[in-house]
Amino acid sequence: MASKDCIPELQPAMKTRIEALSELPAVKTALEVCVEETERAVAEQIRISQIESPTFAEGVRGEAVAALLREYGLTDVVIDPSGNVVGRRPGTGSGPVLAIAAHLDTVFPAGTDLTVTKDGPLYRGPGIGDNASGLRSMLQTLRALNRAGIQTEGDILFVGTVGEEGNGDIRGAKALFDGSRRIDGFLALDMCEVTTVQNGATGSHRWRIAIEGQGGHSYIDYGKVPSAIHAMCRAGNIIADFDPPADPKTTFTIGTIKGGTTVNSIAARCEVDVDMRSVNLQELEALEERMLAAFEKGVELENARWPAADEDHRLRLVKTQIGNRPAGQQPADSPVVQAALCAMNRMGIEVKQCRSSSTDANKPISIGVPSACIGTGGVTVNEHSLKEYWDSTDMEKGPQLAILIALALTGIAGVSPAGLPKLA
């Protein structure tokens, strides 16, 4: 858990802005809608959760979310080439553009039983929290703004992103910020607990490393053929002693390994997947350089161990990058982070954590777009497992928080100016 010292001090101007907004009759109406519509919102969350949406195959769920955005009044709804669902709620035309996003994909492969069962306030089912809860909160935010008749100064984009999980490599967020749209601020709706604000981007670089050769018989070819598995072990021995900095926190792991064919064969191939993370891009790149060099060294040492091997039997390294989530940090006065913290303060929500993480917000943070990731309401337990369940208690706090943040940033026409600066 992050120290209280890590939580930025509240800026008086944003705190005052949030307090004034929360007293407006229209805003009170929007917040009350979130309470009134809990049963409808839960039913919607269940329907969404039971639509298969594995990473790289989010299309059916995306179409369902697009239909709901249209049903709730958005006329400018598109599914972009990446698969993102993007709907625009226009402002007056004079304000900034805020994107509110929840990811469409889950970690569960096609064919997984996604049936949701109810046990009091608990709902059990793979993906019911991560991230059907985020999509529910996003849709509820839109409905509440519409029912309250609130006209914002700035535009709000409601986005269902693809590829947030695993090897999806936040491809949807990257596509959203490919330069084709102007977006001045970004709010991700992901984890359920509303006591956490994610204000920094933990970057991750991932590689698939293969060592390849000819292999041979464990007895007949002994001494003449280097082993791909032995070379990988040599590299792993070097890597295991790496000691990256604790501050900024920088980590690594060889997450998977596979290779060889039989117990009595000199392995022709061995492959590993490697994950490296840091909130600091320079440290991440330095670790990556050392990591790749260690695999080169492993191959070099194994080839040198068996000088009798001819050129055809010598090992070679094949490197394939399979993930690049950018890293980044923001100043304490980031308007999106300040809006989140001040809204939580106004709602009486204790900020238990303010920390970096790896979410769709990584991309905008890395290019200087003010961003944060907030909770969606309720509590998720055992996420990313078949035993995942979601406690719906206080679920309305997720969309209520998103509403206050969005209005503080985009403003209300003729009533409250936008608190989110337009980017150059």
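The values are calculated or read from the model by the stated rules, or taken from the named source; none is laboratory data. These figures come from a predicted structure and were not determined experimentally. Please note: Cβ atoms are built from the backbone with ideal geometry, for glycine as well, and neighbour counts cover all protein chains shown. Calculation scope for accessible area: heavy atoms of the full protein, side chains included, ligands and nucleic acids excluded. Shrake-Rupley method; radii C 1.70, N 1.55, O 1.52, S 1.80 Å.
For the chain, what is Rg from Cα atoms divided by 2.2 N^0.38 Å, rounded to two decimals?
1.12
For the chain, which DSSP H helices look membrane-span-like by this rule: Cα extent along the axis of 30 Å or more and mean Kyte-Doolittle of at least -0.5?
Qualifying helices: 281-305.
With +1 on each Lys and Arg Cβ and -1 on each Asp and Glu Cβ, how big is the dipole of region 225-308 about its Cα centre, in debye rounded to the nearest 20?
Computed about the Cα centre, the dipole is about 400 debye.
What part of the accessible area of region 53-111, given as a whole %, is carbon or sulfur when the probe is 1.4 angstrom?
Taking all protein chains in place, region 53-111 shows 59 percent carbon and sulfur surface.
Report the charge-dipole magnitude of region 116-227 in Debye, nearest 20, computed about the Cα centre from +1 at each Lys and Arg Cβ and -1 at each Asp and Glu Cβ. Can you show the working numbers first?
Details: 12 positive and 13 negative charges, 44 e Å.
About 220 debye.
Among the DSSP beta bridges whose two residues both lie in region 18-162, what percent are antiparallel, rounded to the nearest 5?
Bridges in region 18-162 that DSSP calls antiparallel: roughly 60 percent.
Dipole magnitude of the chain about its Cα centre, charges +1 at Lys/Arg Cβ and -1 at Asp/Glu Cβ only, in debye to the nearest 20? Before the final figure, lay out the partial values.
Working: 41 positive and 54 negative charges, 74 e Å.
The calculated dipole for the chain is roughly 360 debye.
Could you report the chain's accessible area per residue, 1.4 Å probe, as an integer in Å²?
Heavy-atom accessible area per residue stands at 42 Å².
Determine ³J(HN,Hα), in whole Hz, for all residues of region 361-367 in sequence, where each value follows from phi through the Karplus function 6.51 cos²θ - 1.76 cosθ + 1.60 and θ = phi - 60°; x replaces Gly and Pro.
5, 3, 4, x, 4, 5, 10
Roughly how many percent of the accessible protein surface of region 181-227 is carbon and sulfur, given a 1.4 Å probe and a whole-percent answer? Write out the running numbers ahead of the final one.
Details: 810 of 1580 Å².
Carbon and sulfur atoms account for 51 percent of the accessible area of region 181-227.
Quick one: work out the % antiparallel among DSSP beta bridges in the chain, nearest 5.
Taking every DSSP beta bridge within the chain, about 70 percent pair in antiparallel fashion.
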